[in-house]
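The values are calculated or read from the model by the stated rules, or taken from the named source; none is laboratory data. Predicted model, so just to flag it, every value in this text is computed and none were measured. Every residue, glycine among them, receives a Cβ derived from its backbone with ideal geometry; neighbour counts consider all protein chains shown. The protein model used for the area step is the full one, side chains on, heavy atoms only, and it has no ligands, DNA or RNA in it. Shrake-Rupley method; radii C 1.70, N 1.55, O 1.52, S 1.80 Å.
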Amino acid sequence: MGPLSGIRVVALEQAVAAPFCSRQLADMGADVVKVERPDGGDFARSYDSVLHGLSAHFAWLNRGKRSIALDVKAPHDREIFERLLERADVFVHNLAPGAVERMGFGYDQLRAKLPRLIWCGISGYGPDGPYRDKKAYDLLVQAESGVVGVTGSAEAPAKVGVSIADIASGLYGYSSILAALWNRERTGAGERIDISMLECLTEWMMPPLYWWHGSGQIPPRCGVRHNMIVPYGAYRCADGSVNFAIQNEREWRRLCERVLGMPALADDERFATNAARLRNRVELEALIEERLGRDTRAEVLRRLDEAEIANGAVNDVAEVASHAQLAARGRWVTVDSEVGSIPALLPPHNLQHAPAILGSVPALGQHTREILAELGFEEN
């Protein structure tokens, strides 16, 4: 029994954003019914087949759900879908702009009949405004929101290497649904939730936006360095790089004295405050790398630890897969799928008395017969 056991979710979803939202609900015990097209299902199923025949994205996003194959535009299957909604607490969707409304399942179309239903739509730009009808995918929204403009090197912008627009909107959808469920306990009323990918990422862009509002300047792209705090990032040693962060002037002084062995640098007026270090970052970072370049990474990391300055490794994907901290905390488990057991990472909810429930990754239509029986239909 999870915290959301007894909550029924109908998910008319594809790709990443809505599936990530509904997977959080499934991990917390909700019964998530994933409605998929009979002719191939969620198109994320065919992104790749690298995980023993499964798509990496699909395996990540869809564990713990039940899959029913329906052509919602066909009269008989539409009747089944309507019955599903009648028994649902939550309806999550991220189809193309206007698609659910054209099918007759918009919020205003369902509200009178299903007043307790929590209706959550995830779109690129929201249900109104000049961009409402534009299709949106993660990379497009990363660029539209300015994230690409502050990511990468001075020479070239870059996207973030994971789908942060999808992830952000999925998480805001999840948290908004939880708030709406709690509010329904008090009021008895359902809710309309409209999640915009652009708005989610623009919220995350507020420090650069405030920087621009306050100074008229755009924070530069700095690669594996912070664009507002110096020194903060990866710096070269004799045999590789170390990654460390200075957050205040006490740490800056300890870095100069105990790591760099250059105590006078702490009071140099060019570098005495973060604002000064930011103005003179090219000169300062050259000094830091010249000094650290005489020592090995191991020696520099030892001094950083002794000086109580936050630091960490710059890991590649293979190194993260075998990360000692994840292993020590038992974060890796396995879940079932149509191709057998696959690895999964425990979700970071970490409720002590309500551990996550990690169900199987469903095959397309795997639960069609089961769900039809629950609804009182016979399988075609």
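Here are the criteria: (1) surrounded by fewer than 20 Cβ atoms within 10 Å (Cβ to Cβ); (2) without any contact (Cβ under 8 Å) to a residue 60 or more places away in the chain. Tell me which single one His52 does not satisfy.
Unmet condition: (2).
Can you name the residue in segment 76-131 that is of a type outside the set (A, V, I, L, M), closer than 20 Å to Phe43 by Cα and part of a helix (DSSP H, G or I) and, of all such residues, is farthest from the chain's Cα centre (by Cα)?
Here the answer is Asp77.
Quick check on segment 190-202. Is at least one of its residues over 25 Å from Gly233 (Cα atoms) and in a loop (DSSP other than H, G, I, E, B)?
Among the residues of segment 190-202, at least one is over 25 Å from Gly233 (Cα atoms) and in a loop (DSSP other than H, G, I, E, B), which makes the answer yes.
Residues being modelled with pLDDT of 95 or more, assigned to a loop (DSSP other than H, G, I, E, B) and among the aliphatic types (A, V, I, L, M): count how many of those fall in segment 132-155.
Going through segment 132-155 one residue at a time, the tally reaches 1.
Check Ser196 against each of (1) hydroxyl-bearing (Ser, Thr, Tyr); (2) in contact with a Ser or Thr (Cβ under 9 Å, 6 or more places away or on another chain); (3) open to solvent by 30 Å² or more (accessible area, probe 1.4 Å) and name the one condition it does not meet.
Here Ser196 meets the rest and fails (3).
Filter segment 257-275 down to the residues that are part of a helix (DSSP H, G or I), of a type in the set (A, V, I, L, M, F, W, C) and under 15 Å from Tyr232 (Cβ atoms) and list them by number.
Val259, Ala275
For residues that are part of a loop (DSSP other than H, G, I, E, B) and among the charged types (D, E, K, R), tally how many sit in segment 304-313.
Residues meeting the conditions: 1.
Let me spell it out: the conditions are (1) open to solvent by 50 Å² or more (accessible area, probe 1.4 Å); (2) in contact with a strand residue (DSSP E or B) (Cβ under 9 Å, 6 or more places away or on another chain), and Val92 meets all of them except one. Which number is the exception?
For Val92, the failing item is (1).
In segment 184-209, which residues are under 17 Å from the mean Cα position of the chain (by Cα) and under 20 Å from Arg132 (Cβ atoms)?
Ile195, Ser196, Met197, Leu198, Glu199, Cys200, Leu201, Thr202, Glu203
Could you tell me which residue of segment 40-49 is farthest from the chain's Cα centre (by Cα), considering only residues that are open to solvent by 10 Å² or more (accessible area, probe 1.4 Å) and in contact (Cβ under 8 Å) with a residue 12 or more places away in the chain?
Gly40
Would you pick out the residues in segment 298-321 that are open to solvent by 90 Å² or more (accessible area, probe 1.4 Å) and either closer than 26 Å to Ser360 by Cβ or of a type in the set (S, T, N, Q) (or both)?
If the condition is that a residue be open to solvent by 90 Å² or more (accessible area, probe 1.4 Å) and either closer than 26 Å to Ser360 by Cβ or of a type in the set (S, T, N, Q) (or both), then Val317 is the only one that fits.
Is it true that some residue in segment 210-230 is outside any loop (DSSP other than H, G, I, E, B) and open to solvent by less than 50 Å² (accessible area, probe 1.4 Å)?
No, there is no match, as no residue in segment 210-230 is outside any loop (DSSP other than H, G, I, E, B) and open to solvent by less than 50 Å² (accessible area, probe 1.4 Å).
Within segment 276-297, take every residue that is part of a helix (DSSP H, G or I) and β-branched (Val, Ile, Thr) and give me the one that is least open to solvent (accessible area, probe 1.4 Å).
Ile288
So, of the residues in segment 231-256 that are within 13 Å of Arg277 (Cβ to Cβ), part of a loop (DSSP other than H, G, I, E, B) and touching a residue at least 12 places away in the same chain (Cβ under 8 Å), which turns out to be most open to solvent (accessible area, probe 1.4 Å)?
Gln247
Could you figure out which of (1) under 18 Å from the mean Cα position of the chain (by Cα); (2) among the β-branched types (Val, Ile, Thr); (3) closer than 25 Å to Glu285 by Cβ isn't true of Val150?
(1)
Quick one: in segment 2-17, of everything that is more than 24 Å from Asn350 (Cβ to Cβ) and outside any strand (DSSP E or B), which residue is most open to solvent (accessible area, probe 1.4 Å)?
Checked segment 2-17; the qualifying residue most open to solvent (accessible area, probe 1.4 Å) is Gln14.
Limited to segment 231-263, what total is found for residues that are under 33 Å from the mean Cα position of the chain (by Cα) and under 11 Å from Arg291 (Cα atoms)?
Total satisfying the criteria: 3.
For segment 169-186, which residues satisfy the criterion of being open to solvent by 60 Å² or more (accessible area, probe 1.4 Å) and touching a residue at least 24 places away in the same chain (Cβ under 8 Å)?
Residues satisfying the conditions are Leu171, Tyr172.
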